[in-house]
Every structure is written in structure tokens, then in C-alpha cells.
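Have a look at the structure below before the remarks.
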Amino acid sequence: MPKAYWIARVDVHDPETYKKYVEANGAAFAKYNAKFLARGGKSEVLEAPGRARNVVIEFASMQDALACYHSPEYTKAKEFRLKASTGEFILVEGI
């Protein structure tokens, strides 16, 4: 079964509320054994508009990644993210 990846590109406009998102999302990520491969580190835009914060999270499967996203734990955390930032989230299945 191929792994799956959340890819998030985010601009944070309310850092204090975004900190609450980061604190709250840990329960969902632990429950679904998420592994951060990139989390807001140095980045360089090579093409197209970029975002200030880029995150890549690995899951064991597409099912786990979707279950995490739709879980009650993440749904609660997501409320903080939506208030504090704008961006794009995509889910990609690995090879």
C-alpha cells in the first residue's frame, strides 16, 4: 500500500491563533502516526507564487491521511488554522 502525503502551503496572518492550531493538531497526528517531513523550514520559490510556510506530512496510507483530516481531533484544530491563515492543502498518494 503506498504512503500518502499532506502538502500544505500557508501564509499565517495571526501567529498567536496559529500557535493554537499547532498545539491542537498534535492529537490527530499522533493518532494517525503522521510523520513530518518538512515543517516551515527554509524554502525557495522556483516557479509560481509561493507561500511563507510549507509543510509535508507523511501517512502510512491514503485512508489514514483522509481519516486524520476528517477526524474530530483535526476538525477542532483546523478551526484555528482557518482563522489564522490562508493557503492550500492537498493530499497526494506516493508511488
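The values are calculated or read from the model by the stated rules, or taken from the named source; none is laboratory data. Remember, it's a predicted structure, so these values are computed and weren't measured experimentally. Glycine gets a Cβ as well: all are built from the backbone with ideal geometry, and neighbour counts include every protein chain shown. For the accessible areas, the whole protein counts, side chains as well, though only heavy atoms, and no ligand, DNA or RNA atoms are used. Shrake-Rupley method; radii C 1.70, N 1.55, O 1.52, S 1.80 Å.
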About its Cα centre, region 1-92 carries a charge dipole, from +1 on Lys and Arg Cβ atoms and -1 on Asp and Glu Cβ atoms, whose size in debye to the nearest 20 is 160 debye
Which one of Tyr5, Ile95, Gly41 is farthest out on the positive end of the charge dipole of the chain, using unit charges on Cβ (Lys, Arg +1; Asp, Glu -1) and the Cα centre as origin?
Gly41
Low-density loop cleavage sites - trypsin sites (Lys or Arg not before Pro) in region 16-95, where at most 15 other Cβ are within 10 Å (DSSP)
Lys42
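Could you order Leu46, Leu82 by accessible surface area, starting with the largest, using a probe radius of 1.4 Å?
On the way: Leu46 145, Leu82 110 Å².
Result, largest first: Leu46, Leu82.
Restricting attention to region 1-61, which GluC sites (Glu not before Pro) occupy a DSSP loop and are surrounded by at most 14 other Cβ atoms within 10 Å?
Values: sites: Glu16, Glu23, Glu44, Glu47, Glu58; in loops: Glu44, Glu47.
Sites meeting the loop and neighbour criteria: Glu44, Glu47.
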Leaving out same-chain residues fewer than 8 places away, which aspartates and glutamates sit with a Cα under 15 Å from that of Lys31?
Glu23, Glu58, Asp64, Glu73
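For the chain, what is the mean residue ellipticity at 222 nm derived from helices alone (per DSSP H run of n ≥ 4: -39500 (n - 2.57); sum divided by total residues; nearest 500 deg cm²/dmol)?
On the way: 3 runs with 39 residues, N = 95.
Counting only the DSSP helices, I get -13000 deg cm²/dmol.
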Could you check the simple spin-label distance between Val56 and Lys31, using points 7 Å along Cα→Cβ, in nm with one decimal?
2.7 nm
What are the radius of gyration and Dmax of the chain, computed over its Cα atoms and given in Å?
13.1, 38
